[in-house]
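See below for the structure under consideration.
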Amino acid sequence: MIAKSLKRTSLNDTLYIMPFIILLLIFSYYPLFGWVYAFFDYRPPKPLTLDAWVGFKWFKSMADTAVKRRQLMQVMANTFGISGLNLLFSWFPMIFAVFFNEMRSPRYRKFIQTITTLPNFVSWVLVYSIAYALLNSNGAVNAVLLKIGLIDMPITFLQSSKHIWLSMFFWMTWKNAGWSAVMYLAAISGIDEQMIEAARVDGASKLQIIMRITIPSLLPTYFVLVMLSLANFLSNGMEQFFVFQNAFNKDSIQVLDLYVYNIAMGSGGYSLSTAVSVLKSVVSVGLLALVNTASKKVRGEGFI
């Protein structure tokens, strides 16, 4: 009787999760079939045939000349630089969530939550429109600087490659910080209220409660998110850099995902771009395994 009950429970659990497994197979694993293009000399719209089989030709051609090697090194430097900045300041959403949680005015909390979360639902095209309105030669920032006499000529912010990594990090943080803090707010709501009350009874100040209770309670969540971001270190996304790139900053803004897109769309190198994407995925899986091993040694448990 107990065995039948356990079997029925297991079957119900499987049925509950089956739709999500099907969606995962369709949208995450089925597209991996496209990796086959990396081993062919593919020219759309012709179908794949064995005559176009080239084996590992495109993998070898990634760095077969000095120009390609230099370009690939620059792309990797951009990818690691921007991902490194995101990793270096990965604590920002956690600290934002901590101080947001300390706000007592419901109206002010709603206002702050709205203006910090809303940018996450704005497309990068609209973000660039905002940046263009503010920072182009005739934009608001140049108008103010000219009016108060700090500059004599408009500054071409968007056409400059100077500090482009910091600029991209700023826009990424502005867009994602509020939404990223939601997970930390959920973790804060799970902190035992009795610990906080006991600390208040003992005379602890708000800052002491934050430093001794709130932040230590959030650290497990923070470390898991950091490890996941390490596993996706090579994935910066493409949309942000695509809308901000131009002829003046292309060398400094082109990350790996954008590099793959530019190869495919610019020169028709679909097979080469697929080969680069395959290599990126393999390296990312390796990073995931490495971070998971480190997690087991440091925390005593992994996340896969």
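The values are calculated or read from the model by the stated rules, or taken from the named source; none is laboratory data. Note that this is a predicted model, so its numbers are computed, not measured. Cβ coordinates were reconstructed from backbone atoms using ideal geometry, including for glycine residues, and neighbour counts include every protein chain displayed.
Structure notes:
- Counted residues, the stretch 64-76 - those being loosely packed, with under 14 Cβ neighbours inside 10 Å, within 27 Å of Leu230 (Cβ to Cβ) and hydrophobic (A, V, I, L, M, F, W, C): 1
- Summed over the stretch 214-270, residues that are more than 19 Å from Trp124 (Cβ to Cβ), in contact (Cβ under 8 Å) with a residue 40 or more places away in the chain, of a type in the set (S, T, N, Q) and not in a helix (DSSP H, G or I) total 0.
- Among the residues making up the stretch 1-30, those that are under 30 Å from Ser271 (Cα atoms) and at pLDDT 85 or above are Ile21, Ile22, Leu23, Leu24, Leu25, Ile26, Phe27, Tyr29, Tyr30.
- Scan of the stretch 98-118 for residues that are in contact with a Phe, Trp or Tyr (Cβ under 8 Å, 6 or more places away or on another chain) and either outside any helix (DSSP H, G or I) or without any contact (Cβ under 8 Å) to a residue 60 or more places away in the chain (or both), ordered by number: Arg109, Ile112
- Residue match in the stretch 106-116 (condition: under 18 Å from Ile210 (Cβ atoms), surrounded by 12 or more Cβ atoms within 10 Å (Cβ to Cβ) and out of contact with any Asp or Glu (no Cβ under 8 Å at 6 or more places or on another chain)): yes
- Matching helices (runs of 4 or more DSSP H) fully within the stretch 162-209 where at least 1 residues are in contact (Cβ under 8 Å) with a residue 60 or more places away in the chain: 164-189, 206-209
- Of the residues Leu158, Leu135, Leu166, Leu85, the single one that is hydrophobic (A, V, I, L, M, F, W, C), closer than 23 Å to Phe233 by Cα and touching a Phe, Trp or Tyr at 6+ places or on another chain (Cβ under 7 Å) is Leu85.
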